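The values are calculated or read from the model by the stated rules, or taken from the named source; none is laboratory data. Keep in mind that this is a model prediction, so the values were computed, not measured. All Cβ positions, glycine included, derive from the backbone under ideal geometry; neighbour counts span all protein chains shown.
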Amino acid sequence: MLTGTHTAEHDSRNDSILIFINNELFPRADAKISVFDSGYLVGDGIWEAVRLYDGVLVFLDQHLDRLWSAAASVGLDLRMTKADLKAKIQRTLDANQMTDNVHVRVMITRGFKKTPSQDPRLTISGPNVVIIAEHKTASKEVAQKGITLFTSTIRRGSPDYLDPRLNCHSKLHEVQALIQALEAGADEALMLDVNGFVSTCNATNFFIVRGNEVWTSTGKYCMNGITRDNVIRICEKKGITCLQKDFSLFDVYSADEAFATGTFGGLTPVVKIDGRVIGNGMPGKMTAQLGNWYVALVKEEVKKVKG
């Protein structure tokens with residue numbers, strides 16, 4: 001089994017899902033887009049992912065705010081409102097009769113190009129919108145056993161050339177980091193920032209626990225994760241000290257616990273980094289408690305939306 005923060009239980013219903021492409025729905029096998037799409041040609045696009053629980057797309061407004069910020073950052077006119085996109089997502093869910101434990105990925109590129117080129121003036125269409133909704137339940141085995149990380153030599157970028165907070169289609173440096181980790185026998189990569197401090201994982205945010213404190217990076221060189229923000233808020237609400245600060249591998253190797261956060265897996269325990277066992281090599285008590293509180297927060301969000 002492939003092990004990582006995005007490992008899901010097998011669900012055969014995904015073989016026959018309908019995928020949304022520019023206001024049409026296509027069977028999975030027929031869901032295609034042109035090779036002249038700007039996302040394919042030059043990685044010119046942005047994306048967002050959101051979870052469906054008990055009929056509710058949880059923290060949807062936070063996700064859409066992040067998507068619209070990304071669009072503004074890259075100068076992409078989405079040509080739709082947030083309400084329009086919500087309707088497109090709901091149409092996809094309804095078509096697939098989806099109500100619970102669903103992972104929705106929204107991808108928006110600048111559009112079709114007249115010819116292969118970086119130049120946005122050669123775009124001859126409006127934005128291409130693709131929505132893939134799949135039945136996905138996070139692996140219970142991964143949550144129970146935790147994952148291992150390897151520190152990649154690939155650094156998280158500086159904001160002056162590709163802001164790490166931008167959720168864009170240009171993810172090659174993170175893929176390179178993950179490949180290094182896989183070749184080293186780990187499940188995923190830990191990435192440092194341009195100053196050598198711990199930043200993030202290749203696809204999720206990273207936390208450590210030292211004593212009664214929870215530490216995460218400053219946020220300057222990592223994705224502005226929705227789950228990351230929610231964990232920080234949970235700590236504040238529960239009176240747990242959560243520091244957003246610079247720290248190094250020196251602090252990580254001697255940590256009591258470590259975990260990764262993301263929209264799909266919530267909180268995923270990290271039990272080994274660079275071959276060094278973290279704590280006792282098992283998911284820690286603080287990680288479990290924060291995980292339980294996060295699940296409770298999701299349920300509160302569902303209840304609030306349903307009224």
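Only residues that are over 29 Å from Leu52 (Cβ atoms), in contact (Cβ under 8 Å) with a residue 24 or more places away in the chain and among the small types (Gly, Ala, Ser) were counted in the range 218-253, giving 1.
Of the residues screened, Arg156 is one that is surrounded by 14 or more Cβ atoms within 10 Å (Cβ to Cβ), in contact with a Leu (Cβ under 8 Å, 6 or more places away or on another chain), assigned by TED's automatic domain parsing to the domain that holds Gly185 and in a loop (DSSP other than H, G, I, E, B).
Residues checked against (1) touching a Phe, Trp or Tyr at 6+ places or on another chain (Cβ under 6 Å); (2) of a type outside the set (Phe, Trp, Tyr); (3) assigned to a helix (DSSP H, G or I); (4) touching a residue at least 40 places away in the same chain (Cβ under 8 Å):
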site	(1), (2), (3), (4)
Val130	no, yes, no, yes
Gln144	no, yes, yes, yes
Thr148	no, yes, no, yes
Asp160	no, yes, no, no
Leu166	no, yes, no, yes
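Inside the range 227-262, residues that are touching a Ser or Thr at 6+ places or on another chain (Cβ under 6 Å), buried (at least 18 other Cβ atoms within 10 Å of the Cβ) and more than 18 Å from Gln144 (Cα to Cα) make up a count of 3. Counting only residues that are surrounded by fewer than 18 Cβ atoms within 10 Å (Cβ to Cβ) and part of a loop (DSSP other than H, G, I, E, B), which one in the range 41-77 is nearest to the chain's Cα centre (by Cα)? The extreme case among them is Gly43. Filtered by the rule that a residue be closer than 16 Å to His103 by Cα, in contact with a strand residue (DSSP E or B) (Cβ under 8 Å, 6 or more places away or on another chain) and not small (Gly, Ala, Ser), the range 30-66 gives Trp47, Glu48, Val50, Arg51, Leu52, Leu57, Val58, Phe59, Leu60, His63, Leu64. Identify the residue in the range 178-195 that is surrounded by 15 or more Cβ atoms within 10 Å (Cβ to Cβ) and not aliphatic (A, V, I, L, M) and, among all such residues, is farthest from Tyr221 (Cα to Cα). My answer is Asp187.
Among the residues of the range 89-124, the ones that are more than 20 Å from the chain's Cα centre (by Cα), among the acidic types (Asp, Glu) and within 23 Å of Val56 (Cβ to Cβ) come to 1 in all. Being assigned to a helix (DSSP H, G or I) and either in contact with a Leu (Cβ under 9 Å, 6 or more places away or on another chain) or assigned by TED's automatic domain parsing to the domain that holds Asn230 (or both) is true of Thr92.
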